[in-house]
């Protein structure tokens, strides 16, 4: 540092930057702004995922919802992996999704997000998919018992409704607020009781005709926002 003694105004001089220093500072600021913009985009995307009352559940890091054909699960990956910041991009190779007809496991890096849970109802594994969009893992499960899919054994569309995501969280995962039925005494419920406990809104949700009466491997198209995006990181 330059000697300040003997000067009329003994204050340290401002730092001097050469062209390389200025270039590095400019790049650092651009990187900071880019990260902030990316973080805001991820947050906005997460907030846009809406779960209708009585048709699913949402927490800080996981949301799930349903219609008469599908169950959607959304996992905010920047809430895992040791506090991964929102500007980082999750990679598909860091995600492991294992599903069977009745069970689901999800891992992200070293974090176990869903630990081999038994699903509330069975799914069609070969037609269920997952994708990562803006650091959100989206899992689309095709219901085995869904609208128009046979209704074998005297079942009806009421039997396609999932009260919970997992069978061992029956009471906590979904609140059927418009029901007067006590859901902790299901063994004594009549068929009419069960139907009354299902929100009317559920019967108005969209369904995929391709996976209803007919069987096919066509991409879903019945919603304004596809349940499974057709872009990056698709498995």
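Please state the relative contact order of region 84-145 as a whole percent: Cα pairs under 8 Å, 6+ residues apart?
So the answer I get is 27 percent.
How high is the FRET efficiency between residue 201 and residue 107 when r is their beta carbon distance and R₀ equals 30 Å, given to the nearest 0.05?
0.35
Under a point spin-label approximation (7 Å from Cα along Cα-to-Cβ), what is the residue 29-residue 43 distance to one decimal in nm?
Between residue 29 and residue 43, the simple spin-label model gives 2.2 nm.
Would you mind putting 137-146, 117-126 in packing order, based on average other-beta-carbon counts within 10 Å, highest first?
137-146, 117-126
All of the numbers you see were taken from the coordinates with simple rules; none came from a lab. This is a predicted model, so every value here is computed, not measured. Heads up, the Cβs are rebuilt from the backbone with ideal geometry, glycines too, and the neighbour counts pull from every protein chain shown.
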